[in-house]
1. Out of curiosity, is residue 53 part of a helix (DSSP H, G or I), touching a residue at least 12 places away in the same chain (Cβ under 8 Å) and among the β-branched types (Val, Ile, Thr)?
2. Test residue 22 against the criterion of being among the aliphatic types (A, V, I, L, M), open to solvent by less than 20 Å² (accessible area, probe 1.4 Å) and not in a strand (DSSP E or B), and give yes or no.
3. For residue 81, state whether it is open to solvent by 70 Å² or more (accessible area, probe 1.4 Å), over 20 Å from residue 29 (Cα atoms) and modelled with pLDDT of 95 or more.
4. I need a count of the residues in the stretch 105-138 that are free of Cβ contacts under 8 Å to residues at least 60 places away in the same chain and open to solvent by less than 60 Å² (accessible area, probe 1.4 Å).
5. Which condition from (1) within 15 Å of residue 13 (Cα to Cα); (2) assigned to a helix (DSSP H, G or I) is the one that residue 105 breaks?
6. Residues 64, 68, 60: which one is over 18 Å from residue 86 (Cβ atoms) and open to solvent by 50 Å² or more (accessible area, probe 1.4 Å)?
7. Just give me the residues in the stretch 1-45 being within 12 Å of the chain's Cα centre (by Cα), under 23 Å from residue 84 (Cβ atoms) and among the small types (Gly, Ala, Ser), in sequence order.
8. Of 34, 96, 30, which residue is touching a residue at least 40 places away in the same chain (Cβ under 8 Å) and surrounded by 15 or more Cβ atoms within 10 Å (Cβ to Cβ)?
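The values are calculated or read from the model by the stated rules, or taken from the named source; none is laboratory data. Remember, predicted model here, so these are calculated numbers, not experimental data. Here Cβ is always computed from backbone atoms with ideal geometry, including for glycine, and neighbour counts include all displayed protein chains. Please note that ligands, DNA and RNA were not included when accessible areas were found on the heavy atoms of the full protein model with its side chains. Shrake-Rupley method; radii C 1.70, N 1.55, O 1.52, S 1.80 Å.
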Amino acid sequence: MISVLGLDVGRKRIGVAGCDRLGQLATGLRTIQRRSFAHDLEQLRQLCQERQVERLVVGLPYTLNGELGSQARQVQHLAERFGKALNLPVEYVDERLTSFQAEEILKQRGRSPRREKALVDQIAAALILQQWLDALKQPGQTTVVTPRPTAAATD
């Protein structure tokens, strides 16, 4: 039995995904409209309690050449704060192109990604979590990343 939340953290929204108790399938749950750390944390805390979450899996937006840029460091810092406040371990997944993939999925369904940004974020979170779940099944796979903590992440 496993209970994990996948997070696609953006400046305006946080896409949230969960998985079935067997850890086989990730699905989008909701999108949190970001207001403040306290607000965002409370939304996550409620989901964590409802779902008895054991871990957070967060997408890190690496640059296309594989570097940890400023946006990734900001996401990492926020994720570490969430993990500490929720008393949950945090793992990271390389999320390059997940938002693009999520938009393509919506287009295939005949829906507009520009009009349904919250849904794009949920789908991206599900893609992030699914990568992590799939990596658990294949121990040699390298989609799960554990970046070195930055100075900002240790505040």
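1. In short, no.
2. Working: among the aliphatic types (A, V, I, L, M): yes; open to solvent by less than 20 Å² (accessible area, probe 1.4 Å): no; not in a strand (DSSP E or B): yes.
Answer is no for this residue.
3. Numbers: open to solvent by 70 Å² or more (accessible area, probe 1.4 Å): yes; over 20 Å from residue 29 (Cα atoms): yes; modelled with pLDDT of 95 or more: yes.
Yes: the conditions hold for residue 81.
4. Taking the stretch 105-138 first, the residues free of Cβ contacts under 8 Å to residues at least 60 places away in the same chain are 105-116, 131, 134-135, 137-138.
Okay, now just the ones that are also open to solvent by less than 60 Å² (accessible area, probe 1.4 Å), so 105-106, 112-113, 116, 131, 134-135.
Qualifying residue count, the stretch 105-138: 8.
5. (1)
6. Values: 68 fails: open to solvent by 50 Å² or more (accessible area, probe 1.4 Å); 60 fails: open to solvent by 50 Å² or more (accessible area, probe 1.4 Å).
None of the others qualify; the one that does is 64.
7. Answer for the stretch 1-45, where residues must be within 12 Å of the chain's Cα centre (by Cα), under 23 Å from residue 84 (Cβ atoms) and among the small types (Gly, Ala, Ser): 6, 10, 15, 17, 18.
8. On the way: 34 fails: touching a residue at least 40 places away in the same chain (Cβ under 8 Å); 96 fails: touching a residue at least 40 places away in the same chain (Cβ under 8 Å).
Criteria check complete, one pass: 30.
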